[in-house]
1. Given the condition modelled with pLDDT of 90 or more, more than 30 Å from A:Leu50 (Cβ to Cβ) and assigned to a loop (DSSP other than H, G, I, E, B), answer yes or no: does some residue in region B:48-57 qualify?
2. If you scan region A:76-112, which residues turn out to be over 24 Å from B:Thr38 (Cα atoms) and assigned to a strand (DSSP E or B)?
3. Of all residues in region A:53-112, count the ones that are within 11 Å of another protein chain (Cβ to nearest Cβ), over 13 Å from the mean Cα position of the chain (by Cα) and in contact (Cβ under 8 Å) with a residue 12 or more places away in the chain.
4. Considering region A:24-75 alone, what residues qualify as being among the small types (Gly, Ala, Ser) and either exposed (fewer than 13 other Cβ atoms within 10 Å of the Cβ) or in a strand (DSSP E or B) (or both)?
5. Only one of B:Pro109, B:Pro61 is at negative phi, more than 14 Å from chain A (Cβ to nearest Cβ) and not in a strand (DSSP E or B); which?
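The values are calculated or read from the model by the stated rules, or taken from the named source; none is laboratory data. Nothing here was measured: the structure is a model prediction, and the numbers come from that model. For neighbour counting, all protein chains shown are included, and Cβ atoms are generated from backbone atoms with ideal geometry for every residue, glycine included.
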Amino acid sequence: ELKVEQNPLFLSMQEGKNYTIYCNYSTTSDRLYWYRQDPGKSLESLFVLLSNGAVKQEGRLMASLDTKARLSTLHITAAVHDLSATYFCAVGQETSGSRLTFGEGTQLTVNP
Amino acid sequence: DAGVIQSPRHEVTEMGQEVTLRCKPISGHNSLFWYRQTMMRGLELLIYFNNNVPIDDSGMPEDRFSAKMPNASFSTLKIQPSEPRDSAVYFCASRPQAREHYNEQFFGPGTRLTVL
């Protein structure tokens, strides 16, 4: 059974600081996704990572994938308040078809 | 594109009542997913369909829950009878034609269900 674990689950940081959210998964995967959820809102797709060493960046967020370590990271650079949200990683496997397995989510709060 | 459409957005009902949640996927998407999100259990996949056919319903909590997809543009999730522990946000998501299997899922706005 595929398991996906994120850490930390809660992260409070100051504006301007850098931090990394980690996503570990238990079995071989061929794709990994990062989603953002604002309070009371839906999930929004941020990144799709498909191969070992893949790196994608959007603004102050950068995601990377290491399939050998079964690890993805979401790095936040010079955080701003607008980044406050819950971030989910989700892992898919070709053998499981369309389904994704989601991590527990990391609730990020960026304080002024 | 209107995105995934869910209705109602909020539902308050009393224990024992039947609840029906509705979802219209993005046109052209051939996979549809129903999720439930709670503080205690996080985001759980309940059931998903490919080409209107249920593929995996192992996440459906019990027989009180049922889901249908009569055509490519409509799905329902029904709870009968509802119980207070069913209170949650229910999301519907859809996914494009799996020519490339990595396509991500697109989520609807969710239905916030409260069972009193």
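1. No, that holds for no residue.
2. A:Ile76, A:Asn111
3. Counting residues in region A:53-112 that are within 11 Å of another protein chain (Cβ to nearest Cβ), over 13 Å from the mean Cα position of the chain (by Cα) and in contact (Cβ under 8 Å) with a residue 12 or more places away in the chain gives 5.
4. Selection gives A:Gly40, A:Ser45, A:Ser51, A:Gly53, A:Gly59, A:Ala63, A:Ser64, A:Ala69, A:Ser72.
5. B:Pro61
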